[in-house]
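First the structure, in the form of structure tokens, and then the observations on it.
All of the numbers you see were taken from the coordinates with simple rules; none came from a lab. What you are looking at is a predicted structure, and each value in this text was computed from that prediction instead of being measured. Every residue, glycine as well, gets a Cβ built from its backbone with ideal geometry; the counts of neighbours run over all protein chains shown.
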Amino acid sequence: MSHRSVLLNEVVEAFKGVHCSLFFDGTVGAGGHAKAILEGHPEVKRYFACDRDAYALALAQKELAL
């Protein structure tokens, strides 16, 4: 089963022009938004992420190569 990030373009657009070195993601899911934010913001030094769903966390770890 594949996962498609919802509102990905809207999230990326919301952070356009924002400089951040620290980012917190309270619902990382499969990691799609995290990947897009990290790719678009090389200045991020620390990205903290969590999710209640252990399966989603495993998907995110794979997607983000952690």
query = Of the labelled options [x] 11.5, 35; [y] 14.5, 41; [z] 15.2, 48, which one gives Rg and Dmax of the Cα atoms in Å as computed for this structure?
reply = [x]
inquiry  = Along the Cα→Cβ direction, 7 angstrom out, place labels at Arg52 and Leu7. What is the inter-label distance in nm?
reply    = 1.8 nm
request  = Calculate how steeply helix 54-63 sits against the longest principal axis of the alpha-carbon atoms of the chain, using the helix alpha-carbon long axis, and give the answer as 0 to 90 degrees to the nearest 10.
outcome  = 60 degrees
query = Counting pairs of alpha carbon atoms under 8 Å apart in space and at least six apart in sequence, what relative contact order in percent does the chain give?
reply = 37 percent
